[in-house]
Amino acid sequence: MDVTAWLLEGDPAIRWQVRRDLTGAPSAEVVAERSRVATEGWGARLLALQADDGQWGGGVYSPKWISTTYTLLLLRHLGVDPAVHSARAAIGRVRAGVTMGSSDWPFFSYRGETCVTGMVLALGAYFDRDRATSDDLVDFLLDQHLADGGWNCEAARSGSVRSSFNTTISVMEGLTDYQQAFGPDVTVAAAWGRGAEYLLERRLLRSLRSGDPINTRWKLLSFPPRWHYDVLRGLDQLREAGAAPDPRCDEAIAVVEGKRSKDGRWPLQNHHPGREHFRMEHPGEPSRWNTLRARRVLRWAGRS
């Protein structure tokens, strides 16, 4: 089976990333394909569902997964071009009308739960591009950094000194998007590096103390990830941030390799329950999202 051809039969959100990450297409072709995400297919459908008050799903963080936060996270995964008119208009409505948290922070300024703040940093750096606002979020997240290298959403409430994979990956993605939007920053890069070391010390899935897998569901490939960690999300973040492949990734890479079907595609295995605007893919069936992400991770790791 020609898997690349199959991928290129998918939604524009898949096609532009295949051209960028797998086929080496000219940049003009990638840009042209990406521009279609806002006007065709999944991206256009999501943008059209925004209410006049700037929200999706009638809420800011809930209901999951149709709220404003999770819809914007999905649009970011799709790679909708923030410069396209419909995307700019949507972000303008969010900026003008959406607040978050008990303090009614403007959406892109939210500082509260560490995991959610990491998400908002990623969204603000990707869509809003306000440097001062993003700097404030970075300062907050750096202040929440734990001694073991990661982050934990519960640390401020419970006093926990142990990080969480789920929170750490959200913060790392936010720090990556921040540097991609505003340029390299030594302090931010060092914090991201400590987060990466937290994951790598644990082989991306194991307890540092016992050596046992922390959660067997992390070996199942899901998309969208929502707030959940899994090994493919962890590997794809290392790749996205430009980290060099590390031997401590080998077990996680082997997990991803082992999920490949005989026809060269990867299935959608773990579907996080909750409300959705619409279903992009169905559990148990071949997944263009997982196939795209697995192939680019294996290429990054030198396993293509």
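The values are calculated or read from the model by the stated rules, or taken from the named source; none is laboratory data. Predicted model only: the values in this text are computed from it and were never measured. Neighbour counts run over all protein chains shown; Cβ positions are idealised from the backbone, glycine included.
Do the conditions hold for Ala244, that is, is it free of Cβ contacts under 8 Å to residues at least 24 places away in the same chain, among the hydrophobic types (A, V, I, L, M, F, W, C), closer than 24 Å to Ala190 by Cα and surrounded by fewer than 20 Cβ atoms within 10 Å (Cβ to Cβ)?
When the stated conditions are applied, Ala244 passes them.
Looking at Leu73, is it assigned to a helix (DSSP H, G or I) and either in contact with a His (Cβ under 8 Å, 6 or more places away or on another chain) or buried (at least 20 other Cβ atoms within 10 Å of the Cβ) (or both)?
So Leu73 passes the test.
Provide a single number: the residues in region 216-235 that are of a type in the set (D, E, K, R) and closer than 18 Å to Val116 by Cα.
Qualifying residue count for the region: 3.
Does Thr39 fit the bill of being closer than 23 Å to Val171 by Cβ and among the hydroxyl-bearing types (Ser, Thr, Tyr)?
Taking the combined requirement at face value, the residue does not satisfy it.
Within region 184-301, which helices (runs of 4 or more DSSP H) (wholly inside it) include 2 or more residues that are over 24 Å from Glu9 (Cβ atoms)?
Once the helices (runs of 4 or more DSSP H) in region 184-301 are filtered for at least 2 residues that are over 24 Å from Glu9 (Cβ atoms), what remains is 186-201, 231-240, 250-258.
Per-residue answers, yes or no, for (1) over 16 Å from Thr291 (Cα atoms); (2) without any contact (Cβ under 8 Å) to a residue 12 or more places away in the chain; (3) of a type outside the set (Asp, Glu):
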| residue | (1), (2), (3) |
| --- | --- |
| Tyr198 | yes, no, yes |
| Pro213 | yes, yes, yes |
| Lys219 | no, no, yes |
| Phe223 | no, no, yes |
| Leu232 | no, no, yes |
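Can you tell me which residue among Ser86, Ser103, Ser35 is surrounded by fewer than 20 Cβ atoms within 10 Å (Cβ to Cβ), of a type in the set (Ser, Thr, Tyr), over 23 Å from Arg226 (Cα atoms) and modelled with pLDDT under 95?
Ser103
Could you tell me whether any residue of region 16-30 is under 17 Å from the mean Cα position of the chain (by Cα), surrounded by fewer than 18 Cβ atoms within 10 Å (Cβ to Cβ) and in contact (Cβ under 8 Å) with a residue 60 or more places away in the chain?
So far as region 16-30 goes, no, none of its residues is under 17 Å from the mean Cα position of the chain (by Cα), surrounded by fewer than 18 Cβ atoms within 10 Å (Cβ to Cβ) and in contact (Cβ under 8 Å) with a residue 60 or more places away in the chain.
Taking region 38-76, which residues are over 17 Å from the mean Cα position of the chain (by Cα) and without any contact (Cβ under 8 Å) to a residue 40 or more places away in the chain?
If the condition is that a residue be over 17 Å from the mean Cα position of the chain (by Cα) and without any contact (Cβ under 8 Å) to a residue 40 or more places away in the chain, then Glu40, Gly41, Ala48, Ala51, Gly58, Gly59, Ser62 are the ones that fit.
Any residue at all in region 148-156 that's part of a helix (DSSP H, G or I) and either touching a residue at least 12 places away in the same chain (Cβ under 8 Å) or at positive phi (or both)?
yes
What are the residues in region 77-96 that are touching a residue at least 12 places away in the same chain (Cβ under 8 Å), assigned to a loop (DSSP other than H, G, I, E, B) and among the small types (Gly, Ala, Ser), if any?
Gly79
For region 157-177, state whether one or more residues are in contact (Cβ under 8 Å) with a residue 40 or more places away in the chain, more than 22 Å from Thr69 (Cβ to Cβ), of a type outside the set (Val, Ile, Thr) and assigned to a loop (DSSP other than H, G, I, E, B).
no
Output the number of residues of region 249-277 satisfying the condition of being at positive phi and either among the β-branched types (Val, Ile, Thr) or touching a helix residue (DSSP H, G or I) at 6+ places or on another chain (Cβ under 8 Å) (or both).
Going through region 249-277 one residue at a time, the tally reaches 1.
Output the residue which, of all residues in region 112-140 that are within 19 Å of the chain's Cα centre (by Cα) and in a loop (DSSP other than H, G, I, E, B), is farthest from Thr187 (Cα to Cα).
For region 112-140, the residue satisfying everything is Glu113.
Could you check, for region 97-108, whether at least one of its residues is of a type in the set (A, V, I, L, M) and outside any loop (DSSP other than H, G, I, E, B)?
yes
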